[in-house]
Amino acid sequence: MRRLLFILSFAVISAAQGQDVAAFVDFFYRVHVFDHGKFSQIDPQRPKVLELGGNKVVFRDIRDDLMLYQNGELKRLDRASGLEPTVTDHLVGYSIAGILKVYDDRLRTLTPNVAEFIIEDSLVAFKDEIQQHISVYYRGETIKLEDQLAGNAVVDWKAADNVVAWISSFDRLFKVFYRGRIYQLSDLVTEMDFQCGLDMVAYQDALDHSFKVFHQGTIYDLEGRMPHRYEVGKGVMAWLDLTNALKVFQGGKVSTVMDFAPRKWAVVDSLLIIEDQAFFNVFSRGRLQTVERVVPRSWQASWSTIAYVDVDGVLKVWRDGTTQNIVGPQLYQQFELNRNLVIVRLNNRTARVWWRGKTYDH
């Protein structure tokens, strides 16, 4: 999920793994969509909220109607002042006066009295104050994770994309919900260092303090001790081991990317971005690649794509080892990237969309 704020009079939102839909607010505050190469106006007035997720454009209009654009159609989901939806690739979720609602194929009420909740790519984890349960909504079903009748059921809980991980208060177990199943990973847990990502949960084992990862139902032993630093993304995890070597876990395999700690590194969605010795590198699809030999002025990464401004001011896009220029220096004002789609503000009246290797101006 991404939430993009208005900057001057321009906003961007874009879409799913196939990345075929985007939206923007023009100089006159009208909402436009870019859908498979075509532009159309979907609202004549400036929205109060503008969000994205999957092939969905979601906005709250001037009348406080929550509107959804999807598959070429525009429809109203709800009406409420101050409503702030969370939009992911598969879901739209929000709370109104304690009522937790979610839209996937249709609008559903998960609970009329919600406490805490987490909305991720394909699931919603929430505490139901009526049923006194901690539950997860996944693929049209609500599944109970813990009973809260005896008090707070969890010491800590986190979620990402398609997993929920938590430490139960009553039985002191570290558990993971993944694809409809609950896994018990460790017992005698009072506190634990853990992070969630797509298909995985990285954690410190409570018994021997080793570093492990749960990935697609299998537990992998990675290190005898917790690393100095680790980051989890969408199907990829990177860490610095005790010798300061930079390693990656992806697809059930461990790779040593560098034998030393680079100057800067970060996991962004499915990419490991590395800045070292003036080189701008990316670890993707099992190998380290150089994007630029000089670190860009600015960059954004999303899934397997990087949009960046090089030292000469040229806006470029990198994807799967190929670099393409989008617009030359001093010919644009700002840009936004989500997945493999870029929207550029050229001036107050013109927006450019880079999509599937081609550019479209509006």
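Quick notes
- Loop trypsin sites (Lys or Arg not before Pro), the stretch 15-79, which have at most 12 other Cβ atoms in a 10 Å radius of their Cβ (DSSP): R63
- The count of lysine pairs in the stretch 90-217 that are at least 8 places apart or cross chains, and whose C-alpha atoms lie under 23 Å apart, stands at 11.
- Of the residues S210, M200, T109, the one whose Cα sits farthest toward the positive end of the charge dipole of the stretch 90-217, with +1 on the Cβ of Lys and Arg and -1 on the Cβ of Asp and Glu, is T109.
- Ranking of F117, F28 by count of other Cβ atoms within 10 Å, fewest first: F28, F117
- Selection of trypsin sites (Lys or Arg not before Pro), the stretch 281-340, meeting DSSP coil and at most 16 other Cβ within 10 Å: R285, R293, R297
- Electrostatic tally near D61: other residues with Cβ closer than 11 Å to its Cβ, Lys and Arg +1, Asp and Glu -1, net +3.
- Build a GNM of the chain with springs between Cα atoms under 10 Å apart, and of D26, D89, D105 the one that fluctuates most is D105.
- In straight-distance terms, cross-link reach from K264 covers every one of the aspartates and glutamates whose alpha-carbon lies under 20 Å from its own, apart from those fewer than eight places away in the same chain; here that gives E231, D241, E275, D276, E292, D310.
- Packing-based order for 341-347, 110-116, using average beta carbon neighbours within 10 Å, highest first: 341-347, 110-116
- Answer label for Cα extents along the principal axes in Å (calculated), chosen among (1) 112, 46, 38; (2) 55, 46, 40; (3) 61, 53, 27: (3)
- Fewest-first sequence of V124, V254 by Cβ atoms within 10 Å of each Cβ: V254, V124
- Here the Gaussian network model covers the chain, with springs between Cα atoms less than 10 Å apart; of E120, E51, E146, E146 fluctuates the most.
- For a straight C-alpha distance cut-off of 15 angstrom, the aspartates and glutamates reachable from K48 (same-chain residues fewer than eight places away being disregarded) are D26, D61, D64, D65, D78, E84.
- Averaging Cα coordinates gives a centre for the stretch 83-126 and one for the stretch 147-193; these two points are 20 Å apart.
- Largest GNM mean-square fluctuation among F211, F279, F126, using the chain with Cα springs under 10 Å: F279.
- Taking the chain and dividing mean pair separation by its residue count, relative contact order in percent (alpha carbons under 8 Å, at least six apart): 8 percent
Read-outs throughout are calculated quantities, based only on the coordinates presented, and are distinct from any laboratory measurement. Worth saying up front: this structure is predicted, and the values here are computed from it rather than measured. Neighbour counts are summed over all protein chains in view; Cβ atoms, including those assigned to glycine, are modelled from backbone coordinates with ideal geometry.
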